[in-house]
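Asker: Can you keep this structure in mind? I'll have questions shortly.
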Amino acid sequence: MENSTKVVYSTEKVKKERKNIPVTVLLIIGCITVFFPLYMTVIIAFKQPSEMTNDIAGALMPPSAWSFSNFAQAMEVTDFWNSLLNSVLITVSTVVLSILIHSLAGYAVGRNMDHSKFYKFAYLYMVSGMFVPFAILMMPEVKQTAMMGIDNPVGVVILYIVFQLPQSMLLYTGYLRNIPLELEEAAYVDGASTWRTYWSIIFPNMKPMHATVAVLIAMAAWNDVMTPLVLMGGSDLNTLPLAQLNFQTAFSTNYNLAFASYLLSMIPILIFYLICQKQIIGGVTNGAVKG
Amino acid sequence: MDSKKHMSARRRTFLAITIPIMALFFLFNTLPLLQGFAYSFTNFRGFGSYDVIGFRNYYYLFQDSRVGHSYLFTFVYAIVSTVLTNVISMILALGLTSKIVGKGALRGIYFIPNVLGSLVIGYVFSFFFTYVLPSVGGALGIPGLDASILASTSSAWFGVVIVGCWQAIALNTIIYISGLETVPKDVYEAASIDGATGFKKFRYITFPLIMPFFTINMVLCLKNGLMVFDQIMALTKGGPSQSTESISYLIYQNGISGGQFGFQSANAVIYFIVIVAISVFQMKFLGGKEEQL
């Protein structure tokens, strides 16, 4: 790698054509660490319990027949479609509501925090929520949501909106600095209220940040175990990760069924990643770097 | 419509937006925090009646060896996984930003672990550690690998580290890549004219320039490490014999179903203070070392 960089930079002209083959090969070999666990998931999900011998072949060889019977059974046991539906509903409503609420909050606070002590306080107050670990809120939250009758998906969505607010606040107020006040003043001259100006001018202008926020929140909500576990643990309602947890507790010995179920729970996010890879990587990077 | 009227309407709109959102935040973030703080002075078991017992929970907390061990485990886990993750991510990022074939595809592949749920990943690795690794280790005759590493109190923590790193590396690599891409090409050219190559070039040129990204990764990684929960839940459930019990797992386990609501609330308060102290320290210490170009 070092050699080639030297070559590349000292011979400006061939920069485009010269590829670093050794590093490429190493990186391709390294992909095994990513694919091996996935490969294992797939082969075990398709195998029958009788094929699960205790030697290397039993662990690593593909199944003798590719049958979907494990999947059908796993879907039934984990109530797959309902769990999937719950996960989708929770994630989508969290993302939509968060974007609406967080961007408004970011706008109101971001436009005033530089000249108003109150909004500066509001900003620091809400951003500092980032340091509060869920573990300390968990137990009171269980009591409080039960008392309010929202120890269900509605409560989970509300908690997600609140817990994601600090990060979005940082992102939206930061992004708002790029949107000049003059844009709003022009609308005001035309007689539009602040509220209307926001929805017609500011909200659409924050589109790149909406994408970042959506990706970050969607991934956090989709994969989260802890919040649904403590809020709706005892109920019949499952999210996809929660269904895996319950399944594991109940049928920990049937690995083939379990792995079929794990694979089923990975497929939606993998498909989503395949389609929106650019947006997801961009969103996650943006969130980490600016947040 | 005069300007004064507009300004006061504008101010009202801002308040009408901010106040309800702050109230919501107070209700579901600050209020539970205060409640947790209040419960930490009681012997509440999670149900039934309880008494206020002052600082007794805190007193016992510092004598409880199980709590002490959970702090030790969490810190060792967080530090080891932060170091491992950052070293590997940095190497991967340097590779993925060099002149390689199929750059986009390779970057896409290395990011996959980040999008998968950590619970399910934990289950898959649990199987790998319990069945696959021992059968391979046994066949090759590697001592220590012929039994599940999760079954031994001395090695189970490392199994958790491996799974944590496997997912964290994906995110940290992408962040380092975006850092490396901010380094202007002519800086390298100037450096190679001055004779800086290899590790020297990285140490004195590249690394100082991507210092902010190093800070981000350190903060992110350490914070996630200190909050480790899903991996424990999937891999060890705190075992064997409580050797891999993290702080948040202990709070969850004993606070919610173990009848120690009050006691674990005190634990949570201390945990919260530790997280805030570390975050503030990190931002002060690392934030000051950034190199300006």
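Asker: Which pairs have Cβ atoms under 8 Å, sit 6 or more apart or on different chains, and link a residue in segment B:136-150 that is under 17 Å from residue A:56 (Cβ atoms) to one that is among the acidic types (Asp, Glu)?
Answerer: Close Cβ pairs (under 8 Å, with a partner that is among the acidic types (Asp, Glu)) amount to B:137/B:146; B:138/B:146; B:139/A:55.
Asker: Residues in segment B:3-15: is at least one at negative phi, modelled with pLDDT of 90 or more and aliphatic (A, V, I, L, M)?
Answerer: Scanning segment B:3-15 turns up at least one residue that is at negative phi, modelled with pLDDT of 90 or more and aliphatic (A, V, I, L, M).
Asker: If I filter segment A:153-166 for residues that are among the aromatic types (Phe, Trp, Tyr), over 20 Å from the mean Cα position of the chain (by Cα) and open to solvent by less than 30 Å² (accessible area, probe 1.4 Å), do I get at least one hit?
Answerer: No, that holds for no residue.
Asker: Among the residues of segment A:15-46, count how many are among the basic types (Lys, Arg) and open to solvent by less than 70 Å² (accessible area, probe 1.4 Å).
Answerer: The total comes to 1.
Asker: Just checking, how many residues over segment A:151-190 are within 14 Å of another protein chain (Cβ to nearest Cβ), within 30 Å of residue A:89 (Cα to Cα) and part of a loop (DSSP other than H, G, I, E, B)?
Answerer: The qualifying residues number 1.
Asker: Give the residue, chosen from B:144, B:164, that is assigned to a helix (DSSP H, G or I) and not charged (D, E, K, R).
Answerer: Sole residue among the options that is assigned to a helix (DSSP H, G or I) and not charged (D, E, K, R): B:164.
Asker: Kindly list, by first and then second residue, each pair from a residue in segment A:60-75 that is on the phi < 0 side of the Ramachandran plot to a residue that is modelled with pLDDT of 85 or more and surrounded by fewer than 13 Cβ atoms within 10 Å (Cβ to Cβ), limited to pairs with Cβ atoms under 8 Å and residues at least 6 apart or on different chains.
Answerer: Partner pairs satisfying both residue conditions: A:75/A:81.
Asker: Which condition breaks for residue B:80 when tested against (1) modelled with pLDDT under 90; (2) assigned to a helix (DSSP H, G or I)?
Answerer: Here residue B:80 clears every test but (1).
Asker: Continuing with the same structure: Open to solvent by 30 Å² or more (accessible area, probe 1.4 Å) and not acidic (Asp, Glu) - does that describe any residue in segment B:231-238?
Answerer: Yes - at least one qualifying residue is present in segment B:231-238.
Asker: If you go through segment B:220-241 one residue at a time, do you hit one that is without any contact (Cβ under 8 Å) to a residue 60 or more places away in the chain and of a type in the set (Ser, Thr, Tyr)?
Answerer: No, segment B:220-241 has no match at all.
Asker: Kindly check whether there is at least one residue in segment B:220-229 that is open to solvent by 50 Å² or more (accessible area, probe 1.4 Å), over 15 Å from the mean Cα position of the chain (by Cα) and not aliphatic (A, V, I, L, M).
Answerer: Looking through segment B:220-229, none of the residues is open to solvent by 50 Å² or more (accessible area, probe 1.4 Å), over 15 Å from the mean Cα position of the chain (by Cα) and not aliphatic (A, V, I, L, M).
Asker: Which of the residues spanning segment B:235-255 are more than 10 Å from every other protein chain (Cβ to nearest Cβ) and among the hydroxyl-bearing types (Ser, Thr, Tyr)?
Answerer: Across segment B:235-255, the qualifying residues are B:236, B:241, B:243, B:244.
Asker: Give segment B:202-220 a look and list any residue that's more than 10 Å from chain A (Cβ to nearest Cβ) and in a helix (DSSP H, G or I), or say none.
Answerer: Within segment B:202-220, B:203, B:204, B:205, B:206, B:207, B:208, B:209, B:211, B:214, B:215, B:218 meet the criteria.
Asker: Still on this structure, I have one more. Of all residues in segment B:114-146, count the ones that are touching a helix residue (DSSP H, G or I) at 6+ places or on another chain (Cβ under 7 Å) and more than 24 Å from residue A:257 (Cα to Cα).
Answerer: So the answer is 4.
Asker: Which of the residues that make up segment B:38-56 are assigned to a helix (DSSP H, G or I) and open to solvent by 100 Å² or more (accessible area, probe 1.4 Å)?
Answerer: B:56
Asker: Out of B:108, B:102, report the one residue that is surrounded by fewer than 14 Cβ atoms within 10 Å (Cβ to Cβ), over 22 Å from residue B:268 (Cβ atoms) and not basic (Lys, Arg).
Answerer: B:102
Asker: Would you check which residues across segment B:153-197 are farther than 28 Å from residue B:119 by Cα, open to solvent by less than 30 Å² (accessible area, probe 1.4 Å) and among the aromatic types (Phe, Trp, Tyr) and list them?
Answerer: none
Asker: From the list A:270, A:274, which one is within 11 Å of another protein chain (Cβ to nearest Cβ), farther than 30 Å from residue A:49 by Cβ and either open to solvent by 40 Å² or more (accessible area, probe 1.4 Å) or modelled with pLDDT under 85 (or both)?
Answerer: From the options A:270, A:274, the qualifying one is A:274.
Asker: Considering segment B:84-114 alone, what residues qualify as being in a helix (DSSP H, G or I), without any contact (Cβ under 8 Å) to a residue 12 or more places away in the chain and within 7 Å of chain A (Cβ to nearest Cβ)?
Answerer: B:95, B:106, B:108, B:109
Asker: Sticking with this structure for a sec: Looking only at segment A:120-141, count every residue that is facing chain B (nearest Cβ under 7 Å), in contact with a Ser or Thr (Cβ under 7 Å, 6 or more places away or on another chain) and open to solvent by 10 Å² or more (accessible area, probe 1.4 Å) and tell me the total.
Answerer: 1
Asker: For segment B:65-79, state whether one or more residues are among the small types (Gly, Ala, Ser), out of contact with any Lys or Arg (no Cβ under 8 Å at 6 or more places or on another chain) and surrounded by fewer than 17 Cβ atoms within 10 Å (Cβ to Cβ).
Answerer: yes
Asker: Collect the residues in segment A:100-119 that are more than 10 Å from every other protein chain (Cβ to nearest Cβ) and either on the phi > 0 side of the Ramachandran plot or of a type in the set (Val, Ile, Thr) (or both), keeping them in residue-number order.
Answerer: none
The values are calculated or read from the model by the stated rules, or taken from the named source; none is laboratory data. Fair warning: this is a prediction, and the values are worked out from it, not measured in the lab. FYI the Cβ positions are ideal-geometry reconstructions off the backbone, even for glycines, and counts take in every protein chain you see. Ligands, DNA and RNA are excluded from the accessible area calculation, which covers all protein heavy atoms including side chains. Shrake-Rupley method; radii C 1.70, N 1.55, O 1.52, S 1.80 Å.
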